[in-house]
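The values are calculated or read from the model by the stated rules, or taken from the named source; none is laboratory data. Just so we're clear, the structure is a prediction, and the values are computed from it rather than from any experiment. Neighbour counts are summed over all protein chains in view; Cβ atoms, including those assigned to glycine, are modelled from backbone coordinates with ideal geometry. Accessible surface areas use protein heavy atoms only, side chains included; no ligands, DNA or RNA. Shrake-Rupley method; radii C 1.70, N 1.55, O 1.52, S 1.80 Å.
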Amino acid sequence: IFSKASSSLEDLGESSSETDEDEQPIRRQEGGTDLSPEYWGIQKLAKYIKGGDPTATLIALCSMRDLNLSQEVCQLAIKDTGCLEVLINLLDTEEIKCQTGSLKILKEISQNALIRHAIADLGGLEIMVKILDSPDTDLKCLAAETIANVARFKRARKTVRQHGGIKRLVELLESISVESSSQAEDTETARCGALALWSCSKSTKNKKAIRKAGGIPLLARWLKCSHTNILIPIVGTLQECASEPSYRLAIRTEGMIEDLVKNLSSEHEELQMHCASAIFKCAEDEETRDLVRKHEGLQPLSALLDKSENKQLLAAVTGAIWKCAISRENVLKFQEYKTIETLVTLLTDQPEEVLINVIGALAECCQEQENRGAIRRCGGIAPIVKLLTETNHALLVNVNKAVGGCAMEPENMLIIDSLDGVRLLWSLLKNPNPDVQASAAWALCPCVENAKNSGEMVRSLVGGLELIVNLLKSKDKEVLTSVCAAIANIAKDQENLAVMTDHGVVPLLSKLANTNNNKLRRHLAEAIAHCCMWGSNRVAFGETKAVAPLVRYLKAKDPLVHRATALALYQLSEDPNNCVIMHENGVVKV
């Protein structure tokens, strides 16, 4: 039981991006008697392979290689006849020819999920890791390529690491020269090593092990190479590892962004996809976004949007554009390249992972006034609003942000309202996911601000005001902050403020006053300021102890907090009792 528990703890660190391709391989039902001639052929060869005479074994291995080993029937025949155990035992001999023959077969048949699991169960990975120390280059390459196939599931990746495989695979990248093509052997060794590292790098612990073994500078060196067949696994490994901050830092500081950008213009879509995917993950960091622009990567990214039939490439490219668009200078470049217009055409008939990125990019571009008009002019508002009915949380967060961005323009707001966009946003406040709730509340702020007859519009939403007031009971800081901002806007209408007061907005706002979070303080103070304008709310804020904490807000370092707090204190000071509380709390000096 204890070893079980510790191994399951060990597995926790096994992965960030790890989705197992084949953790539970399904055993096919055999058709019983109608076995193919290949099956019988393998059964015959099995006798000779097991026979023990090295020459006979070698001839049998060669004959087996002549069969079509990519057929499932052949792969399973090798497993069912007990040949797999023998092939793995042959790896543990000193006979290089037998080892080579066996690995050539294992490399082919390990494309099959059942066989991968069987090889791992029979201890094949441990022996292959040992072979990585062999002086024979071909043998090392075959072992690395077979490891690349087998390590497609979690337990196998862990085995490779625990037997010192990561360090040995990194050593395969330590060849003499990157540029000269006469080093074909080095390039091949590095290619096979990179393929295996790529499979292994799906695990978080392996990413760390690659870094500790000195893998990053070697990956950086091979990234300068011009052979596509090695660039694909090198960039594949880098983009897999870019989920870790330490790799993102290295990719930025070791000059790899320039090479990734250069390869966006490759002829090979798979290479372009991995480069775009690496940029997508790395462009979370502002300095990387600047580097992509500096090395002129924004234009090739925009051009790749035309390859919209390759969905994996499109998902990576739109992801990179989304993250790059977080920087304003990049958005101005995208305007130049008419990227926004192309993104709008991708709002329909796309897989979810593409939509999330497209709408994310548009949400960032919306922050510029010119783009808000561009989206409207090319018919983008209707498809954006339509996406408010989707269910994927990541997608909804981006859609909310995009609708909110578009709503900053009164002309756009007319269209959003006519499409029932405000009601759809309001209904997302009921979504169980706090990120969706918060992004919906933020989006409602410009809607309320820019709608014609916004007071009337809000009142027409049955139960809407009660819903938003009750969100002040949320435990999530961002939900509370966004809801305060929305309430500050809604409270500008007297009738709506009266309804919110009846729903107990005053004591709920007061309850939040002791927060240290400056963003929440700012929007809470604004909400309090606007909610003072009805009935005896000013007095009620004093009675529910909201005044003293507000005085402390003036000591915050943020001028936006000061501005909102001054507004709130000004409104509260119209009640004499509040003035006494402020004075007692030392407001005059601050």
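Which residue pairs have Cβ atoms under 7 Å apart, sit 6 or more places apart or on different chains, and have a first residue in region 556-577 that is over 19 Å from residue 516 (Cα atoms) and a second that is assigned to a loop (DSSP other than H, G, I, E, B)?
Listed pairs, sorted by first residue: 571/532; 572/532.
Exactly one of these conditions fails for residue 431: (1) under 31 Å from the mean Cα position of the chain (by Cα); (2) more than 21 Å from residue 519 (Cβ to Cβ); (3) crowded, with 19+ Cβ neighbours inside 10 Å; (4) not hydrophobic (A, V, I, L, M, F, W, C). Give me its number.
(3)
What are the residues in region 190-212 that are over 13 Å from residue 150 (Cα atoms), among the small types (Gly, Ala, Ser), open to solvent by less than 10 Å² (accessible area, probe 1.4 Å) and part of a helix (DSSP H, G or I), if any?
Listed by number, the residues that qualify are 190, 193, 194.
Any idea which residue in region 327-348 is most open to solvent (accessible area, probe 1.4 Å), counting only those that are under 13 Å from residue 384 (Cα atoms) and outside any helix (DSSP H, G or I)?
348
Quick check on residue 245: is it surrounded by fewer than 24 Cβ atoms within 10 Å (Cβ to Cβ), of a type outside the set (Ser, Thr, Tyr), touching an Asp or Glu at 6+ places or on another chain (Cβ under 7 Å) and free of Cβ contacts under 8 Å to residues at least 60 places away in the same chain? Can you show your working first?
Details: surrounded by fewer than 24 Cβ atoms within 10 Å (Cβ to Cβ): yes; of a type outside the set (Ser, Thr, Tyr): yes; touching an Asp or Glu at 6+ places or on another chain (Cβ under 7 Å): no; free of Cβ contacts under 8 Å to residues at least 60 places away in the same chain: yes.
Considered against the rule, which asks whether it is surrounded by fewer than 24 Cβ atoms within 10 Å (Cβ to Cβ), of a type outside the set (Ser, Thr, Tyr), touching an Asp or Glu at 6+ places or on another chain (Cβ under 7 Å) and free of Cβ contacts under 8 Å to residues at least 60 places away in the same chain, residue 245 comes out as no.
Scan 390, 364, 370, 353 and give me the residue that is under 22 Å from the mean Cα position of the chain (by Cα) and surrounded by fewer than 17 Cβ atoms within 10 Å (Cβ to Cβ). Steps first, please.
Working: 364 fails: surrounded by fewer than 17 Cβ atoms within 10 Å (Cβ to Cβ); 370 fails: under 22 Å from the mean Cα position of the chain (by Cα); 353 fails: surrounded by fewer than 17 Cβ atoms within 10 Å (Cβ to Cβ).
Exactly one residue qualifies, and that residue is 390.
Are any residues in region 542-561 open to solvent by 20 Å² or more (accessible area, probe 1.4 Å) and more than 37 Å from the chain's Cα centre (by Cα), and if so, which ones?
Hits for region 542-561 are 543, 544, 545, 548, 552, 554, 555.
Tell me which of these residue 462 doesn't satisfy, since it passes every other one: (1) under 18 Å from residue 429 (Cβ atoms); (2) open to solvent by less than 50 Å² (accessible area, probe 1.4 Å).
Here residue 462 clears every test but (2).
To keep it simple, each residue is scored yes or no on (1) assigned to a helix (DSSP H, G or I); (2) surrounded by 23 or more Cβ atoms within 10 Å (Cβ to Cβ); (3) assigned by the TED database to the domain that holds residue 577.
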site	(1), (2), (3)
441	yes, yes, no
444	yes, yes, no
458	yes, yes, yes
467	yes, no, yes
478	yes, no, yes
513	no, no, yes
528	yes, yes, yes
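Mind listing whichever residues of region 515-525 are surrounded by 20 or more Cβ atoms within 10 Å (Cβ to Cβ) and either closer than 20 Å to residue 581 by Cβ or among the basic types (Lys, Arg) (or both)?
Answer for region 515-525, where residues must be surrounded by 20 or more Cβ atoms within 10 Å (Cβ to Cβ) and either closer than 20 Å to residue 581 by Cβ or among the basic types (Lys, Arg) (or both): 521, 522, 524, 525.
With the condition being of a type outside the set (Gly, Ala, Ser), open to solvent by 70 Å² or more (accessible area, probe 1.4 Å) and modelled with pLDDT of 90 or more, I'd like the helices (runs of 4 or more DSSP H) fully within region 34-139 carrying at least 3 qualifying residues. Don't jump to the end; show me each part of the working.
Details: elements: 37-51, 54-66, 72-80, 83-91, 96-109, 113-121, 124-131.
Of the helices (runs of 4 or more DSSP H) lying wholly inside region 34-139, those with at least 3 residues that are of a type outside the set (Gly, Ala, Ser), open to solvent by 70 Å² or more (accessible area, probe 1.4 Å) and modelled with pLDDT of 90 or more span 96-109.
If you go through region 167-186 one residue at a time, do you hit one that is under 25 Å from residue 108 (Cβ atoms) and of a type in the set (Ser, Thr, Tyr)?
Residues of region 167-186 under 25 Å from residue 108 (Cβ atoms): 168-169, 172-173, 184-186.
Restricting the remaining residues to those that are of a type in the set (Ser, Thr, Tyr) gives none.
No: region 167-186 contains no residue that is under 25 Å from residue 108 (Cβ atoms) and of a type in the set (Ser, Thr, Tyr).
Scan (1) in contact with a Lys or Arg (Cβ under 9 Å, 6 or more places away or on another chain); (2) more than 27 Å from residue 486 (Cα to Cα); (3) modelled with pLDDT of 95 or more for the single condition residue 348 breaks and write down its number.
Unmet for residue 348, out of (1) in contact with a Lys or Arg (Cβ under 9 Å, 6 or more places away or on another chain); (2) more than 27 Å from residue 486 (Cα to Cα); (3) modelled with pLDDT of 95 or more: (3).
Sort out which residues of region 240-262 are over 13 Å from residue 288 (Cβ atoms) and within 20 Å of the chain's Cα centre (by Cα), and write them in order of number. Before you say what the answer is, go through the steps one by one.
Taking region 240-262 first, the residues over 13 Å from residue 288 (Cβ atoms) are 240-241, 243-244, 246, 259, 262.
Residues satisfying the conditions are 240, 241, 243, 244, 246.
With the checklist (1) surrounded by fewer than 22 Cβ atoms within 10 Å (Cβ to Cβ); (2) closer than 23 Å to residue 224 by Cα in hand, flag the one item residue 317 doesn't pass.
Condition not satisfied by residue 317: (1).
Return the residue satisfying two criteria in turn: it lies in region 215-230 and is closer than 16 Å to residue 196 by Cβ and of a type outside the set (Val, Ile, Thr), and of such residues it is surrounded by the fewest Cβ atoms within 10 Å (Cβ to Cβ). Talk me through it step by step, then tell me what you get.
Restricting attention to region 215-230, the residues satisfying the condition of being closer than 16 Å to residue 196 by Cβ are 215, 218-219, 222, 229-230.
Those still in the list that are of a type outside the set (Val, Ile, Thr) too: 215, 218-219, 222, 229.
Numbers: 215: 28, 218: 23, 219: 26, 222: 25, 229: 14.
Checked region 215-230; the qualifying residue surrounded by the fewest Cβ atoms within 10 Å (Cβ to Cβ) is 229.
Residues of region 289-311 being among the charged types (D, E, K, R), closer than 17 Å to residue 357 by Cα and open to solvent by 40 Å² or more (accessible area, probe 1.4 Å), which ones? Let's see the steps before the verdict.
Start the filter on region 289-311 by keeping residues that are among the charged types (D, E, K, R), which leaves 289-290, 293-294, 296, 306-307, 309, 311.
Now drop any that are not closer than 17 Å to residue 357 by Cα, which leaves 289, 306-307, 309, 311.
Within region 289-311, 306, 307, 309, 311 qualify.
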